Amino acid sequence: MPTPPRSTTRRKPAAPPGDTAPRRLAGIGDAAVEKATGHAWEHWLRVLDRAGAARMPHDEIALVLHEEFGVGDWWAQMVTVGYEQARGLRQKYQSCDGRFQGNASKTVPVPLAVLFDAWNDPVRRARWLPGADLVVRRATPGKSMRITWEASAGELATNLDVNFYAKGPGKSQVALNHTKLGSPDEVERSKAFWAERLTALQAELVGEATAPVSRGSSKRAATAPAGSRMAQKVPPAKGRGPSRTVPPRSAQRRAASRTSGTTM
């Protein structure tokens, strides 16, 4: 009796137990990764394991993804970060330079130009972000700002990359990335701080002040959760104007220098 011909269609191998659960790495879910790269996270984890990525530096992993698998530059970076997180090579929120970063965003019912001006104009900014110790390094109207945060902290200062987007008639969005942070805990404090301040910005822009303020007075300075470098206030030196926000670590360093008789 003739043997029936074998099917030439290859069956997809069954996924190992636990491989079917959706993943979220580098803040990105399976659906977004698959849409952008053609494969979900589990595929890329297996591919990079076979390529020996666990022993490679960040840039080399991204290069393998780009050159050997055709992943675009930005997505190669994101897949690399996700792989490093999944394999314990990178902590949550950690960037490729070893520091940490967090982000926050807010959509508000005002035109883009109004939102940008609320950040760029020092007087308007002080209404929702009072006492901030910052230096604006670069501002591109309606697009972006590059800011040194806690500028007086010297080498302990951090960076803010702030971007602005139009979201339709009378609506816009601000999205910020806070980089050069020191730990995952510091990222969590930063995210909580910016969530609070962006809510205050929204209230300011739509005229919903959280507390009545008499004309000519200033609002209470915002404080981050206890332990944050952004929370400590120091009194002004004689003749040097109002107090400002100074991170505890930089304040400690200054105190140590005064005790030793050196200057910063």
* Looking only at the stretch 129-141, which residues are in a loop (DSSP other than H, G, I, E, B) and within 19 Å of residue 102 (Cα to Cα)? -> 129, 132, 133
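Which one is modelled with the lowest pLDDT among residues in the stretch 96-138 that are within 30 Å of residue 55 (Cα to Cα) and surrounded by 16 or more Cβ atoms within 10 Å (Cβ to Cβ)?
Of all residues in the stretch 96-138, those within 30 Å of residue 55 (Cα to Cα) come to 96-103.
Next, from what is left, pick out any that are surrounded by 16 or more Cβ atoms within 10 Å (Cβ to Cβ): 99-103.
On the way: 99: 73, 100: 84, 101: 83, 102: 87, 103: 86.
Only one residue tops the list, namely 99.
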* Asked: Considering the stretch 100-120 alone, what residues qualify as being touching a helix residue (DSSP H, G or I) at 6+ places or on another chain (Cβ under 9 Å) and not in a strand (DSSP E or B)?
  -> 109, 110, 114, 115, 117, 118, 119
* Asked: Could you give every pair whose Cβ atoms fall below 7 Å, whose first residue belongs to the stretch 127-142 and is assigned by TED's automatic domain parsing to the domain that holds residue 111, and whose second residue is charged (D, E, K, R) and part of a loop (DSSP other than H, G, I, E, B), counting only separations of at least 6 or pairs across chains?
  -> 127/219; 130/219; 133/150
* **Filter result (closer than 16 Å to residue 88 by Cβ and surrounded by fewer than 16 Cβ atoms within 10 Å (Cβ to Cβ)) within the stretch 39-51** => 49
* Only one of (1) assigned to a helix (DSSP H, G or I); (2) touching a Gly at 6+ places or on another chain (Cβ under 7 Å) is not met by residue 123, so which one is it? -> (2)
* Residue in the stretch 181-193 that is basic (Lys, Arg), exposed (fewer than 15 other Cβ atoms within 10 Å of the Cβ) and without any contact (Cβ under 8 Å) to a residue 60 or more places away in the chain present -> no
* To do: Would you check if there is a residue in the stretch 142-160 being in contact with a Lys or Arg (Cβ under 6 Å, 6 or more places away or on another chain), farther than 21 Å from residue 195 by Cα, assigned to a helix (DSSP H, G or I) and modelled with pLDDT under 95?
  => yes
* Structure fact -> Restricting attention to the stretch 143-157, the residues that are in contact (Cβ under 8 Å) with a residue 60 or more places away in the chain and hydroxyl-bearing (Ser, Thr, Tyr) number exactly 1
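The values are calculated or read from the model by the stated rules, or taken from the named source; none is laboratory data. The shown structure was predicted, so the numbers you read here are calculated from the model rather than taken from an experiment. We place every Cβ from the backbone using ideal geometry, glycine too, and count neighbours over all the protein chains shown.
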